[in-house]
Amino acid sequence: MPERPNALAWDDFRLVKAIADAKSLPAAAGLLGVNHSTVFRRLGQIEAALGVPLFERHRTGYVPTAAGDELVAAARRMDEDVAAVTRRIAGQEISPSGELRVTTNDSLLVHLLTPLFARFRRQCRDVRLDLVLSNQALNLSKRDADVAIRATDRPPETLVGRRVARIAWALYGAAADVPEPAAVDPAALFDRDWIALGEQLAGLQAVKFVQAHVAPERIVYRIDTVLGLAEAVEERIGIGHLPCFIGDARPGLVRLGPPDPALGTDLWLLTHPDLRHAARVRVFVDFLAAEIGKQRRFIAGESAAAESSP
C-alpha cells in the first residue's frame, strides 16, 4: 500500500497562498514575516510530501499548477472562514470596550472628525480608537477595519451603514485674488489657472468636471489629496473645487460660485453585517451619526460655520 502523504498544516496553506499572491518567494516571505530561505525550504517539503509540484517557475514569477490552484482555493476558503468566525465572536461583546479600527481619509479627519473622536473618547473611555487613513476602500470582510467613514454615492453592497450627510462641493479661489467674489464672471474662470485632483481620486465628480470643462494647459497643478488642493488654492497657485466644509472653514478662501449639486457626494458610516450589533461599533456609529447630524447644514454648504457642541 502506498505511503499516505503527510497531512498539511494551516501554515502550509498560508504559505502556498502567499506565494500565489506575491508571485515570488522573497515577497511571500515578507507577507509571512519569515526568511526567504524558510519559504523555499518549506515549499520543497510540501511538494515532496504531496508528490506533485505546486508552482511553475516562470520569468514573470511563480505560477500555480493545477494542484497549486486547488490548495490556494482551499486556503482562501479557510481564510474567509477564520475571518467570519472572528467577526461573529467580535460582534458578541456585551458592553462597548476594546479596540475599534476606523478607516477614513485625511480631509474628513482634519476638518470634521477629530473633534468628534475626542468627544467620543470622553464618553466611552473603554473603547480605544485605531485610525487608518486611506483614500482606498479597505476590506472590512477581513477586518482591515471595523468602521469605514466614506464619501461615496455607491457604498459596497457587502457592507451596511447609514447615510449621515450630503457633502457639497464648490469652486474656491484665494481671498487675496478675489476681493469681490459676487462680481466674478463664471465664464472668465476658465481662463484662470486651475488646480486638479490626481488620478487616485478620479471617481470624484469634481475631477470629472475639470477633465470635461477645463483646457489641459490651464491645469497647472495636480495633487492627490484634497487638503493639499486647499493649501495650493490658499497659496494662490490656482482655483479648484473643494468640499464646502473645508473651503468655508478657511478664511483665506472664498467661493467663486454656489455649490454645484452635480458634484456632491453622500457621507456614509459603514461596517460589516457581522459587526453591526457589536456594542463598541453600535455606540460609535450612533454617536457619530448624532454629532454629524448637528453639522449637516454646514457639510451641505448651507451655513458658513459649523455648529458644534462642547
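The values are calculated or read from the model by the stated rules, or taken from the named source; none is laboratory data. In this text, all values refer to a predicted model and were calculated from it rather than measured experimentally. Note that we place each Cβ from the backbone using ideal geometry, even for glycine, and neighbour counts take in every protein chain shown. Only protein heavy atoms, including side chains, enter the accessible area calculation; ligands, DNA and RNA are left aside. Shrake-Rupley method; radii C 1.70, N 1.55, O 1.52, S 1.80 Å.
Looking only at segment 143-158, residues that are at negative phi and either in contact with a helix residue (DSSP H, G or I) (Cβ under 9 Å, 6 or more places away or on another chain) or loosely packed, with under 13 Cβ neighbours inside 10 Å (or both) come to 11 in all. Among residues that are open to solvent by less than 40 Å² (accessible area, probe 1.4 Å), modelled with pLDDT of 90 or more, in contact with a strand residue (DSSP E or B) (Cβ under 7 Å, 6 or more places away or on another chain) and among the small types (G, A, S), G161 is not included.
Per-residue answers, yes or no, for (1) surrounded by fewer than 18 Cβ atoms within 10 Å (Cβ to Cβ); (2) polar (S, T, N, Q); (3) modelled with pLDDT of 95 or more:
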| position | (1), (2), (3) |
| --- | --- |
| H277 | yes, no, no |
| R280 | no, no, no |
| G293 | yes, no, no |
| R296 | yes, no, no |
| I299 | no, no, yes |
| P310 | yes, no, no |
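Of all residues in segment 24-74, those satisfying the criterion of being among the β-branched types (V, I, T) and surrounded by 16 or more Cβ atoms within 10 Å (Cβ to Cβ) are V39, I46, V72.
Candidates V63, V72, V34: the one that is part of a loop (DSSP other than H, G, I, E, B) and not small (G, A, S) is V34.
Which one of A232, A168 is modelled with pLDDT of 90 or more, in contact with a Phe, Trp or Tyr (Cβ under 6 Å, 6 or more places away or on another chain) and open to solvent by less than 30 Å² (accessible area, probe 1.4 Å)?
Details: A168 fails: in contact with a Phe, Trp or Tyr (Cβ under 6 Å, 6 or more places away or on another chain).
The match here is A232.
Could you list, in sequence order, the residues of segment 119-137 that are open to solvent by less than 40 Å² (accessible area, probe 1.4 Å) and outside any strand (DSSP E or B)? Result: R119, F120, C124, S134. So, H272, is that one open to solvent by less than 40 Å² (accessible area, probe 1.4 Å) and out of contact with any Ser or Thr (no Cβ under 9 Å at 6 or more places or on another chain) or not? Judged against the criteria, H272 is not a match. Checked against the criterion of being open to solvent by less than 40 Å² (accessible area, probe 1.4 Å), of a type outside the set (F, W, Y), touching a helix residue (DSSP H, G or I) at 6+ places or on another chain (Cβ under 6 Å) and within 19 Å of A165 (Cβ to Cβ), the candidates L263, L253, L197 yield just one match: L263.
For the condition out of contact with any Pro (no Cβ under 7 Å at 6 or more places or on another chain), closer than 17 Å to W194 by Cα, modelled with pLDDT under 95 and not charged (D, E, K, R), what is the one hit in T271, T225? Residue meeting the stated conditions: T225. Looking only at residues in segment 146-170 that are in contact with a Lys or Arg (Cβ under 6 Å, 6 or more places away or on another chain) and part of a strand (DSSP E or B), the one that is farthest from L229 (Cα to Cα) is V160.
Are there any pairs, at least 6 apart or on different chains, whose C-beta atoms fall under 8 Å, with the first in segment 269-288 and more than 20 Å from L108 (Cβ to Cβ) and the second open to solvent by 50 Å² or more (accessible area, probe 1.4 Å) and assigned to a helix (DSSP H, G or I), and if so, which? Hits for this filter: D274/R88; R276/R282.
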